[in-house]
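The values are calculated or read from the model by the stated rules, or taken from the named source; none is laboratory data. Here the structure is a predicted model, which is why all the values come from computation and not from measurement. Every residue, glycine among them, receives a Cβ derived from its backbone with ideal geometry; neighbour counts consider all protein chains shown.
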Amino acid sequence: MAEALAVSPPVAARRHPTLRVVVYAVTRLAALFAAVVVGVYLTILVANMGGYVDQIKRAEIREQVALAVSLDESMRRLPADVRQRIAEQMVRNEERRLGLDRPFLARSVTYLRDALLLRLGFAERMTSDTGSRLVRRILLDRLPATLLLFLSAQLLLFFSSLAFALALSRRYGSLADRIVVALAPTSAAPAWFYGIFLILVFAAWLRWLPFGGMVDAPPPEGALAYAASVLRHMVLPLAALALSSIFLSVYAWRTFFLIFSSEDYVELARAKGLPGSLVERRYVLRPTLPTIVTSFALGLIGAWTGAIVLETVFNWPGLGRALYQAVGLYDTPVIVGTTILYAYLLAITVFALDLVYAILDPRVRVGVGAEG
């Protein structure tokens, strides 16, 4: 009887693999959703400075009402106490319209619910290119510029660094290998740091490339001329992104490939006379696929959100610059909207990576009862 009880859990787990996968997926989704909820709520608290932004808004309302009353000729003829009562009523009406008559903590729960349901609402000060104050419209207007720059940079950097690192792993100790190792610390500086120097050299001094922006003003006519203008404006930001990461990425991947190249099973495959390309593909790249996929996926998440300081330095009209402007203007809906977009993308990526790991790496098993 004891032996039957000891054997039954693994057997039951093997008999119901679909149920195990479903339970695991639901558990992971619940955990990721809880992390998203906590992250978004903390963003709401920080963006509102714990309610201090409400005081700023109330002061702005009083200032605007006082200005409107002082400029209204009919209001000037009224007694001072009547004007005061009317002004106070106007202030209360505006505060009620903006929800400032409710406590901040109560409204923060409402903000959280709307954010999680992607009801991003209206911006308080910012507008889209078409003049709309919908947060969704503002983010969608800025998204193509961010994707164009950062997705291009991530794809170029990822595949070039991967190919270069694999080539260096075959030539360990060569001149190129020593140069990459020596230049790896230079990637510690952020992209905007290199961007400032690139602007000074190639835009201010040599005048070969534009200072910033996405296209010439006024925009050139014709699709080819417009595309050429955009490419010219992309050169310096792409160069800044490359300088801030290429050498460190190549050094890290090269070291990673060297570690796997020295494994016994790789030496055995070479001793059998297998072609070098087959050995690299099957015995070096295959074990590193989970890490490669993780790096690529997280890089794509970065492409969606952009970089606040880099886009500001180059005046690039993307999501990063929109977030920078929203922070400066205390535009809470835009800040929360950008954060919820990033949080959902990150959670979806992490969940997808968990499932991809189980496919790429046979050592990974889904669920608790996967030991059998």
So, in the range 104-142, how many residues would count as being over 28 Å from Tyr52 (Cα atoms) and crowded, with 17+ Cβ neighbours inside 10 Å? 2
Any residue in the range 337-354 that's farther than 21 Å from Thr27 by Cβ: show its pairings with residues that are at pLDDT 80 or above and basic (Lys, Arg) at Cβ separation under 8 Å, as long as the two are six or more apart or on different chains. Gly337/Arg136
Counting just the residues of the range 200-231 that are farther than 19 Å from Arg321 by Cβ and of a type in the set (D, E, K, R), which one comes out surrounded by the most Cβ atoms within 10 Å (Cβ to Cβ)? Arg207
Is there a residue being exposed (fewer than 12 other Cβ atoms within 10 Å of the Cβ) and under 29 Å from Val313 (Cβ atoms) anywhere in the range 183-193? yes
Do you know which of the residues in the range 252-273 that are more than 26 Å from Val180 (Cα to Cα) and touching a helix residue (DSSP H, G or I) at 6+ places or on another chain (Cβ under 8 Å) is surrounded by the most Cβ atoms within 10 Å (Cβ to Cβ)? Ala269
Taking the range 289-315 on its own, how many of its residues are closer than 18 Å to Ala239 by Cβ, among the hydrophobic types (A, V, I, L, M, F, W, C) and modelled with pLDDT of 75 or more? 5
Is the range 142-152 home to any residue that is without any contact (Cβ under 8 Å) to a residue 12 or more places away in the chain, outside any loop (DSSP other than H, G, I, E, B) and closer than 18 Å to Ser249 by Cα? no
Quick one: Tyr226 ticks every box in (1) under 25 Å from the mean Cα position of the chain (by Cα); (2) more than 30 Å from Val180 (Cα to Cα) except a single one, so which number is it? (1)
Looking at Thr339, Thr294, which is the one that is surrounded by fewer than 22 Cβ atoms within 10 Å (Cβ to Cβ) and closer than 24 Å to Leu156 by Cα? Thr294
Can you tell me which residue is surrounded by the most Cβ atoms within 10 Å (Cβ to Cβ) among those in the range 166-182 that are among the hydroxyl-bearing types (Ser, Thr, Tyr) and in contact with a Lys or Arg (Cβ under 9 Å, 6 or more places away or on another chain)? Ser169
Kindly indicate whether any position in the range 238-248 is more than 24 Å from the chain's Cα centre (by Cα), within 25 Å of Gln154 (Cβ to Cβ) and of a type in the set (S, T, N, Q). no
For the range 95-116, enumerate the residues that are touching a residue at least 24 places away in the same chain (Cβ under 8 Å), over 15 Å from Thr332 (Cβ atoms) and of a type outside the set (A, V, I, L, M, F, W, C). Glu95
Do the conditions hold for Leu323, that is, is it part of a helix (DSSP H, G or I), of a type in the set (A, V, I, L, M) and surrounded by fewer than 15 Cβ atoms within 10 Å (Cβ to Cβ)? no
Go through the residues of the range 155-165 one by one and say whether even a single one is free of Cβ contacts under 8 Å to residues at least 40 places away in the same chain and either aromatic (Phe, Trp, Tyr) or crowded, with 18+ Cβ neighbours inside 10 Å (or both). yes
Does Glu280 satisfy the criteria of being in a helix (DSSP H, G or I), touching a residue at least 12 places away in the same chain (Cβ under 8 Å) and of a type in the set (Asp, Glu)? yes
When you scan the range 40-110 for helices (runs of 4 or more DSSP H) that lie fully inside it, which ones turn up with 3 or more residues that are under 30 Å from Tyr342 (Cβ atoms)? 52-71
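This table checks each residue for (1) closer than 30 Å to Arg282 by Cα; (2) assigned to a helix (DSSP H, G or I); (3) in contact (Cβ under 8 Å) with a residue 60 or more places away in the chain; (4) of a type in the set (Val, Ile, Thr).
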site: Tyr194; (1), (2), (3), (4): no, yes, no, no
site: Ile199; (1), (2), (3), (4): no, yes, yes, yes
site: Arg207; (1), (2), (3), (4): no, no, no, no
site: Met214; (1), (2), (3), (4): no, no, yes, no
site: Ala217; (1), (2), (3), (4): no, no, no, no
site: Glu221; (1), (2), (3), (4): no, no, no, no
site: Tyr226; (1), (2), (3), (4): no, yes, no, no
site: Leu238; (1), (2), (3), (4): no, yes, yes, no
site: Ile259; (1), (2), (3), (4): yes, yes, no, yes
